[in-house]
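Report on the structure given below.
Nothing in this text is a laboratory measurement; each read-out follows from the coordinates by a stated rule. Here the structure is a predicted model, which is why all the values come from computation and not from measurement. Glycine also receives a Cβ, built like all others from the backbone with ideal geometry; neighbour counts cover every protein chain displayed.
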Amino acid sequence: MKKIILDENEIPKKWYNIQADLKTPLDPPLNPKTKEPIGPDDLKAIFPMGLIKQEVSQERYISIPNEVREIYRIWRPSPLYRADRLEKALKTPAKIYFKWEGVSPPGSHKPNSSVPQAYYNMKEGVENIATETGAGQWGSALAFSTSIFDIGCRIYMVKCSYDQKPYRRILMENWGANVYSSPTNITNVGKEIIKRDPETSGSLGIAISEAVEDAATHDDTNYALGSVLNHVVLHQTIIGQEVKKQFESIDEYPDIILGCVGGGSNFAGTAFPFVRDKIVNEKPDLKIISVEPFACPTLTEGSYRYDFGDSVGLTPLLKMFTLGHSFVPDAIHAGGLRYHGDSPLLSKLTKEGYMEAVAYYQKEVFEAAELFSRTEGFVVAPEAAHAVKAAIDQALICKKNNEEKIILFANSGHGHFDLSAYDMYHNNKIKDFKHPEKMIKKAIEEIPEI
Ligand SMILES: *Cc1c(COP(=O)(O)O)cnc(C)c1O
């Protein structure tokens, strides 16, 4: 079968919370000033209670509100594809499958979380949401979702993406959001950073600081994060639960699961329902591999410890893999993978050996994406292209060993707004960056001691 499709009534009714299955609990977030554990009350200034409860919940399954499932029906269940034409091109005995999240209106997995986030804010009477966006994917997902629930949206967009990707900004504005190039002159944090480094290309960390300041200084405004936090990962488990049903319907189960990791939400969401099978020891041999860029090698070269989620130390300290909150990665085209930290849940499961990680250069990633579009048709986002590259490499290993393994990769979104990056690739203008170890070491030295 080319595509494995579920019925609308098979959209999962619950999100899966992996916190219930951890052998030891997550280390708690810490107050950035006192370094003491923070509780739900500390988050009330910027998040609605509905999401705070999910953030700390230990329940294995959490019901999806009907209003949210209604919106999910616009593009869910998303298809699972067999990449048989890619298999043929590679002459591999492996079977390659991908879960395609490019079918949502904004074109990625992100509305799986932005829709419930906007919903819980609307339910609690919040009038505006402030947020940051890297490549513009999260911003467009949130703009789409706030327009559905009729609330305002202010978006701090990382400068290098704002300049490289005007079409994403237009998309956000089409859904009614206000978009600013970050760092801006409208927050204290932004002014400070521009004073220090007028030429800065911005970073997700800086944009987060600006959006948090905006939310904390306006009573009618909350903050929303598109990745990293437990509730975001929770919402994304709709992906992996659908994949499980889809594999069950064809009587198969993957041997290797791959996905790109920026903050970890699409991959955690795809993988966690399968990670559970590893934790309970039903599938001890299943390999689960995160894929990241060499320009921002958080899991492969970072350190596992408490660090701030933003650049200036306004957010709580999270225990995670990090390159240091002051790390500013090169302006690679996979803007969504330029984040110094990673989801605490995904980090812990990586530290404990349930998951592993690999890194790739930009050029080889675009080369893989081009082969993918010439075989499977879809033009994928540069972020998702990292997963394509890793899937091709795994399929080639299977070819060498003559193994008929089943490879699944999370295909997180389309690249229709990234065509200028593809154009640069066609004209041989893509540069490979490997961040100098010295810079990573320096940023790691700036992480506070706990
Ligand atoms: C944002 C984004 C990512 C990276 O974010 P995660 O939280 O790691 O999933 C990956 N792919 C696409 C298409 C994105 O928009």
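What residue among MET320, MET122, MET172 shows peak mean-square fluctuation when the chain is described by a Gaussian network model with Cα springs under 10 Å? Result: MET122 has the largest fluctuation of those listed. Between ASP277 and LEU396, what is the label-point separation in nm under the 7 Å Cα-to-beta-carbon projection? A separation of 2.7 nm, rounded to one decimal place.
Measuring spread by the Cα atoms of region 103-212 yields a radius of gyration and Dmax of 13.6, 41 Å.
In this structure the amide hydrogen of MET320, modeled in the peptide plane, comes within under 5 Å of the amide hydrogens of ARG305, TYR306, ASP307, none closer than 5 places in sequence on its chain. Considering only beta bridges that DSSP places wholly inside the chain, some 35 percent are antiparallel.
With neighbours defined as other Cβ atoms within 10 Å of a residue's Cβ, the residues THR146, THR300 order from fewest to most as THR300, THR146.
In this Cβ point-charge picture (+1 for Lys and Arg, -1 for Asp and Glu), region 289-413 has a dipole of about 140 debye about its Cα centre.
Note on region 1-99: Kirkwood hydrodynamic radius from all Cα pairs is 17.5 Å, rounded to one decimal. About the centre of its Cα atoms, region 24-157 shows a dipole size close to 780 debye [charges on the beta carbon of Lys, Arg (+1) and Asp, Glu (-1) only; nearest 20 debye]. Entry note, region 317-390: relative contact order of 28 percent, from Cα contacts under 8 Å with a spacing of 6+ residues.
Given 37 °C and 0.692 mPa s, compute D for region 403-450 with the Stokes-Einstein relation, Rh being the Kirkwood radius over Cα pairs; round to the nearest whole µm²/s. Translational diffusion coefficient: 213 µm²/s. A Förster distance of 51 Å, applied to the separation of the beta-carbon atoms of TYR167 and ILE450, puts the FRET efficiency at 0.75.
Tell me the relative contact order for the chain as a rounded percent, counting alpha carbon contacts under 8 Å between residues six or more apart. Across the chain, relative contact order equals 20 percent. Using θ = phi - 60° in the Karplus curve 6.51 cos²θ - 1.76 cosθ + 1.60, the 3J(HN,Hα) couplings for region 365-382 round to 5, 5, 4, 5, 5, 5, 4, 4, 5, 7, 10, 9, x, 6, 9, 8, 4, x Hz; x is entered for Gly and Pro. Comparing PRO12, PRO105, PRO293 in a Gaussian network model of the chain where C-alpha atoms under 10 Å apart are linked, the largest mean-square fluctuation is found at PRO105. Using a/c under 1.5 as the rounded threshold, could you call region 356-450 rounded, prolate or oblate? The axes a ≥ b ≥ c are square roots of the C-alpha gyration tensor eigenvalues, and prolate needs a/b larger than b/c, oblate otherwise. The shape class here is oblate. For the residues GLY309, GLY50, GLY202, a GNM of the chain with alpha-carbon springs under 10 Å puts the largest fluctuation on GLY50.
For region 288-367, the equivalent ellipsoid derived from the alpha-carbon gyration tensor has semi-axes of 21, 17, 8 Å in decreasing order. Calculated [222 nm] ellipticity per residue, helices only, for the chain: -12000 deg cm²/dmol; basis is -39500 (n - 2.57) per DSSP H run with n ≥ 4, divided by all residues, nearest 500.
Each Lys and Arg contributes +1 and each Asp and Glu -1, all at the Cβ; summed about the Cα centre of the chain, the dipole is approximately 860 debye.
Between rounded, prolate and oblate, where does the chain land on the alpha carbon gyration tensor, with a ≥ b ≥ c its root eigenvalues, rounded for a/c under 1.5, else prolate if a/b exceeds b/c? It is rounded, given that a/c, with a ≥ b ≥ c, falls under 1.5. Using C-alpha pairs below 8 Å separated by at least 6 residues, the relative contact order for region 16-122 is 24 percent.
Set the bar at 19 Å for Cα to Cα. Now go through LYS23/LYS348; LYS91/LYS287; LYS88/LYS405; LYS33/LYS348; LYS348/LYS389 and name every pair that lies beyond it. Checking Cα-Cα distances, LYS91/LYS287; LYS33/LYS348; LYS348/LYS389 exceed 19 Å.
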